[in-house]
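Every read-out reported here was derived from the displayed coordinates using simple, explicitly stated rules and does not represent laboratory data. In this text the structure is predicted, and so the values were computed from the model without any measurement. Heads up, the Cβs are rebuilt from the backbone with ideal geometry, glycines too, and the neighbour counts pull from every protein chain shown.
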Amino acid sequence: MIYKNHKQKIELIKSGKISLKQNVADFLLNIKKNEHLNAFNFVFEDSASEVDLIERKIKTGKHGKLAGMVIAVKDVISIKSKPLTCSSNILIGFEAVYNATVVEKLLQENAILIGKTNCDEFAMGSSNENSAFGKVLNPVNNDYVPGGSSGGSAAAVAANLCDAALGTDTGGSIRQPAAFCGVYGLKPTYGRVSRYGLTAFASSFDTIGPFAKNIDDIALILETISGNDNFDSTFVNSEIHSFSEKISSERKFKIGLPKEYFSDGLDDEIRKIIFEHVEILKNAGNEVTEISLPHTEFAIATYYILTTAEASANLSRFDGAHYGLRSKNASNIDEMYKFSRTEGFGEEVKRRIMLGTYVLSSGYYDAYYKKAQKVRSLIKSDFDNAFKEVDIILTPTTPTAAFKIGEKSENPLEMYLSDIYTTSANLAGIPAINVPIGFNKIGLPIGMQLLSKQFDELSLLQLANILSTN
Ligand code: GLN
C-alpha cells in the first residue's frame, strides 16, 4: 500500500490520489491471491457496496474517523446477518443476529468490514492449528504457524489483506500472533472495550483489541472501540483519551525489566534484539531498571486452571438444542446433548471442558480453583507493586519466534508454555502491546511486549511510538 497510516490514506482519498473503490478491490484481489494462507473463514465480496457513499463522505469532510479503513474481524465476534462460527463445527451454519458493540462502533466511524478471520476453535490455542476451517499459514514463511488464537487476523494484516483487524486476547491471543507475524497487536485493559457480541471463552479474562501495521492506527481503533456500553456489565467507565492525538510525546518513561522474563527459557536472538531496543530507549532519555515479578512462574498453571473452569461453564450453552449443530444420530434427548457436543467440538475444546469440569468438581474445587484464585491475586499485586516504581514493564512477547506447523500440536503442555509471557497481563487485567522489533537469522519476526497499569494504554502507545520513530 502506498500510505503509511490511516490518516494519510484519508488525505490521499480526499485529494483523489487513491480511489477507495480500487483500494477495496485490491484488498479483495490480494485475499484471493493469498487463499493458501487460509486467513479468512468468510470474505465479504459485497464490501464494496458502501464504498461510494464513504468516499463521498470523505471528499466532503463529513466522514467518521475510520472512514474507508478496511478491517477484518475475528470469527468469534458477531456481525449481524453474517456467519459466526468460532472456527467450530458446532456453529457451522449459524448467523449472528446482532452486531457486537465493537462492530457497531467501527461501522459508526465508517470502517469497511471485509471478512471474518480464521482462529483457533473458540479462541483456544496458540498456533491456529485447532480450527474446523483448517490451519492458517504464517505469511512470512509458510512452513511456520502464525500464532494463535487470532492467527487469521494477524496473518491478514501482515500479508496486506486488510488495513487492520480485530482479535481477542484471553491469554495472549492478540500479542503472540502479532509477534509471530511481525505486526502491532494491543490487548486493552479488562473493562475498557465492551465484549457484547463476543462469544465468551473465559469471561474474567476475555478482551477485544486491534492489529495493525503501524501504531497510529492501533491508537485510532482503540479510541473508537473503547467507551460506553450498557450491554457488558464488566465495562468500566474510564476516560477515553483521544489516543491518536496524544501518542507523540516528549515524556520520559521509567521502564522495568522483570528478571523472571529474561531467564533461561528465552531464545538468545530475541534477548539480543530486545536489549538493542532497550539501548535505544535509554539513549532517548528513558530510565531502565531491573524489577521482579516474583509469582511469574505460577502464571501458566493459574491461567489454565481458571480459564478452563470458566470455559467449561461458558461452553455449556452449545448443546444442540438452541443453535448450531444438532446430531442426527441421537434417539433421545440425552443422546442429543451428548452426540451434538461430541461431534461438534474439536479435541482441544473437549480437553479444556474436561479440565475445567475437573477443577470445579466438588472434591477438587478448593485444591485447584480456589487456590488459583488466590494466586491470581498475588500475580496482580506483583504488578501493583511494580507500577509503584515504574511506568512501563518491558518483556519479550514470546520465548521463541514462530514454530513450525505441527511442531507442538501433539504436545498440549508444550503449546501452553508458549504463552508464558502473555498470560500474566490477563490474570492482572492490565493492558499490553506487541511491538514488532526485527527478525531473527532465518527471517522470522520478533516481538517485544510493553505492559502498563490498568487504563494506561496511552503510555504503551507513546513508548511504542518512540520506538517506531527511532
Ligand atoms: N493461547 C492461549 C490459550 O490457548 C490464549 C488464548 C487466547 O488468548 N484466546 O488459551
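Annotations for the structure displayed:
- nm² value of the averaged projected area, convex hull over the Cα atoms of segment 236-347: 13.1 nm²
- Percentage relative contact order, the chain, counting C-alpha pairs under 8 Å, at least six apart: 17 percent
- In this structure, the amide hydrogen of F235, modeled 1.01 Å from its nitrogen in the peptide plane, lies closer than 5 angstrom to no residue at least 5 positions away or on a different chain.
- Size descriptors for segment 224-299: radius of gyration and Dmax over Cα atoms are 17.8, 47 Å.
- Among the chymotrypsin sites (Phe, Trp or Tyr not before Pro) in segment 215-255, those placed in a DSSP loop whose Cβ has at most 14 other Cβ atoms within 10 Å are F231.
- Placed amide H near I291: partners under 5 Å, 5+ positions off or other chain: L257, K259
- Segment 27-123: C-alpha pair distances exceeding 16 Å, %: 58 percent
- Out-of-range pairs (alpha-carbon distance over 19 Å; input K272/K388; K7/K246; K82/K105; K32/K65; K17/K246; K213/K453): K272/K388; K32/K65; K17/K246; K213/K453
- Volume per residue of the C-alpha convex hull in the chain, rounded to whole Å³: 140 Å³
- When only Cα pairs below 8 angstrom with a gap of at least 6 residues are kept, segment 324-470 shows a relative contact order of 20 percent.
- Exposed loop sites, defined as GluC sites (Glu not before Pro) outside DSSP H, G, I, E and B with at most 14 other Cβ atoms within 10 Å, are absent from the longest region of the chain, namely 1-238.
- When +1 charges are put on Lys and Arg Cβ atoms and -1 charges on Asp and Glu Cβ atoms, the dipole computed for segment 257-396 relative to its Cα centre reaches about 860 debye.
- Radius 9 Å from Cβ of N329, net charge of other residues (Lys, Arg +1; Asp, Glu -1): -1
- Loop-resident trypsin sites (Lys or Arg not before Pro) (DSSP state other than H, G, I, E or B) in segment 29-136 with no more than 13 further Cβ atoms inside 10 Å of their Cβ: K62.
- Over segment 150-258, Cα pairs under 8 Å with separation of 6+ residues give a relative contact order of 25 percent.
- The chain - charge dipole about Cα centre, Lys and Arg +1 at Cβ, Asp and Glu -1, debye rounded to 20: 800 debye
- Beta bridges per DSSP, both residues in the chain: antiparallel share near 65 percent.
- Value of [θ]222 nm, deg cm²/dmol, for the chain, DSSP H segments ≥ 4, -39500 (n - 2.57) each, nearest 500: -11000 deg cm²/dmol
- Label point distance in nm, L29-S381, each placed 7 Å from Cα along Cα→Cβ: 6.1 nm
- T296, T342 arranged by Cβ crowding within 10 Å, fewest neighbours leading: T342, T296
- Charge dipole (segment 169-253, unit charges on Cβ, about Cα centre) - positive-most of G172, G191, S249: G172
- Paramagnetic reach from K59 (point 7 Å along Cα→Cβ, amide N under 14 Å) across segment 1-34: 12-22
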